[in-house]
Amino acid sequence: MELIALGARPDWEDKAREAGFTFAEMHGEPYWAEDTVYAFSLTEVETGIEDPSTELHAMCREAVARIVASQELMEKLAIPAAHRDIVAASWAGGDPELYGRFDLIYDGAGPAKMIEYNADTPTSLYESAAFQWQWLEDQIAAGKLAANSDQFNGIHEALVTRFADIFAPDTDVHFTSFAASPEDYATTESMAWAAREAGLGAHYVPIDKIGITDRGQFCDAEGLVIGALFKLYPWEDMLRDDFAQHIADAQCRFLEPAWKAVVSNKGMLAVLWEMFEGHPNLLPSFFAEDFTKGGAAVNRAAAAFDRGMVRKPLFSREGSSISITRGDQIIAAAQDQAYVDHPIIVQAYHEMPAFDGFHPVIGAWIVGQTCVGMSIREDRARITQDLSRFKPHFIRS
């Protein structure tokens, strides 16, 4: 793993505008940044990222089976009591998953470390699946990269296949997000693009235009019943909305399914550590109350926590309300404290690599149950946030 000063394409901004990649710059700051890029060997990608991520997803599925069978764990993960049956039934019924993205710390030497799993509503899909690939093709055509350079990126093709596996041909699927968010819309439209290639009918409906029919089913603004819905809206919010009372009887297949409510929950980190303590891709993690109580497992992790502790709310997004401390020293703390009153987990801190002053975080994309691609965000801070820069990558020939 190496940071390479390759130079930006002279026309990348024009190509971003032509593609509708309107958030390549946000708030006057670069989001897409290709002046320097990350290079990997094929071995690093296959054995350091791809295989461990597929294994981690399988471990998460084992953890789901345990969580949905335990009212105690559902309580710890703050799943509303009134809707726990929806989550459990979704798992018991085998509702299929579509996608997710692990966030990993990886330096090219030691094992990748899982810091969270965006298993419900991960964004940055368009730039990961499409614009990043266009960058690779352009740089090969320009002679800046060898002709047999590659990229770990089968995301779009895997999504097309996955949609075709889940739905019969010509099935109507609705796609929803907050229309005012360009990033959310780009991710949602990328999904709809894959669905159309899979032979499905794709219909976009802004989330605030979804209604309820007289029979209690969800419908779009034209009154068309929604039988299948990709929603870029997290389950932790859905289960607390007024609409939650209609979910059980809505006869709607959700993507992601309701059981992803426990996978995307950072309490999953604590459950995974309890089930797979010592796994090379996990960091010691505990529910805060369990860490305070102490015990044999906490004692075994003491040396790891001496190197630092990360406090994470169960539902935090874009780094909100996360802090990193070592003893009384604050190493980093998010300015956004929107989730500060939520239940938290603690995770042992793992030092992040630094390349030219930036700390990269690997995004390992899961489609179905397999890792199919990779993206990278980097920041001078140790907490990834919404303006952290997206960096393309390539695999050396």
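The values are calculated or read from the model by the stated rules, or taken from the named source; none is laboratory data. Everything numeric in this text was worked out from a predicted model, so none of it was measured. Cβ sites come from the backbone with ideal geometry, for glycine too, and all protein chains shown count toward neighbours. Areas reflect the complete protein model, heavy atoms only, side chains present, ligands, DNA and RNA absent. Shrake-Rupley method; radii C 1.70, N 1.55, O 1.52, S 1.80 Å.
One residue stands out among those in the stretch 1-31 that are in contact (Cβ under 8 Å) with a residue 40 or more places away in the chain and of a type in the set (D, E, K, R): the one that is nearest to Phe358 (Cα to Cα), which is Glu2. Whenever a residue of the stretch 268-285 is under 18 Å from Arg307 (Cβ atoms) and modelled with pLDDT of 95 or more, its partners that are assigned to a helix (DSSP H, G or I) and not aliphatic (A, V, I, L, M), lying with C-beta atoms within less than 6 angstrom and at least six residues away or across chains, give the pairs Asn281/Pro52; Leu282/Trp273; Pro284/Trp273; Ser285/Trp273. Candidates in the stretch 219-247 are the residues that are small (Gly, Ala, Ser) and more than 23 Å from Ala164 (Cα to Cα); of these, the one that is farthest from the chain's Cα centre (by Cα) is Gly223. When Pro343 is tested against (1) open to solvent by 20 Å² or more (accessible area, probe 1.4 Å); (2) on the phi > 0 side of the Ramachandran plot; (3) not polar (S, T, N, Q), exactly one condition is not met: (2).
Looking across the stretch 356-386, just one residue is aromatic (Phe, Trp, Tyr) and in contact with a Ser or Thr (Cβ under 8 Å, 6 or more places away or on another chain), and that is Trp365. Taking the listed residues Thr187, Thr176, the one that is in contact with a strand residue (DSSP E or B) (Cβ under 9 Å, 6 or more places away or on another chain), surrounded by 14 or more Cβ atoms within 10 Å (Cβ to Cβ) and assigned by the TED database to the domain that holds Tyr126 is Thr176, with no other qualifying. Within the set Ala258, Ala250, the sole residue that is within 18 Å of the chain's Cα centre (by Cα), hydrophobic (A, V, I, L, M, F, W, C) and in a loop (DSSP other than H, G, I, E, B) turns out to be Ala258. Scanning the stretch 35-54 for residues that are more than 30 Å from Gly278 (Cα to Cα) and crowded, with 21+ Cβ neighbours inside 10 Å gives a single hit, Val37.
Scanning the stretch 70-93 for residues that are closer than 17 Å to Ala248 by Cβ and open to solvent by less than 70 Å² (accessible area, probe 1.4 Å) turns up Met74, Ile79, Pro80, His83, Arg84, Ile86, Val87, Ala88, Ala89, Ser90, Trp91, Gly93.
For (1) assigned to a loop (DSSP other than H, G, I, E, B); (2) under 30 Å from His27 (Cα atoms), each residue gets a yes or a no:
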| site | (1), (2) |
| --- | --- |
| Ser128 | no, yes |
| Phe131 | no, yes |
| Leu136 | no, yes |
| Ile140 | no, no |
| Ser190 | no, yes |
| Glu222 | yes, no |
| Phe243 | no, no |
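Filtering the stretch 142-177 to residues that are assigned to a strand (DSSP E or B) and out of contact with any Gly (no Cβ under 9 Å at 6 or more places or on another chain) leaves Asp150, Phe175, Thr176. Output yes when any residue across the stretch 122-131 is out of contact with any Ser or Thr (no Cβ under 9 Å at 6 or more places or on another chain), of a type outside the set (Lys, Arg), on the phi < 0 side of the Ramachandran plot and touching a residue at least 60 places away in the same chain (Cβ under 8 Å), and no when none is. Checking the stretch 122-131: at least one residue is out of contact with any Ser or Thr (no Cβ under 9 Å at 6 or more places or on another chain), of a type outside the set (Lys, Arg), on the phi < 0 side of the Ramachandran plot and touching a residue at least 60 places away in the same chain (Cβ under 8 Å).
Screening Leu314 on (1) buried (at least 18 other Cβ atoms within 10 Å of the Cβ); (2) over 27 Å from Val37 (Cα atoms); (3) assigned by the TED database to the domain that holds Glu29 shows it passes everything except condition (3).
Residue under question is Phe286, and the condition is that it be aromatic (Phe, Trp, Tyr), part of a helix (DSSP H, G or I) and over 19 Å from Ala381 (Cβ atoms); does it hold? Answer is no for this residue. When every residue of the stretch 55-69 is checked against the conditions, at least one turns out to be more than 23 Å from Pro280 (Cβ to Cβ), open to solvent by 40 Å² or more (accessible area, probe 1.4 Å) and modelled with pLDDT of 95 or more.
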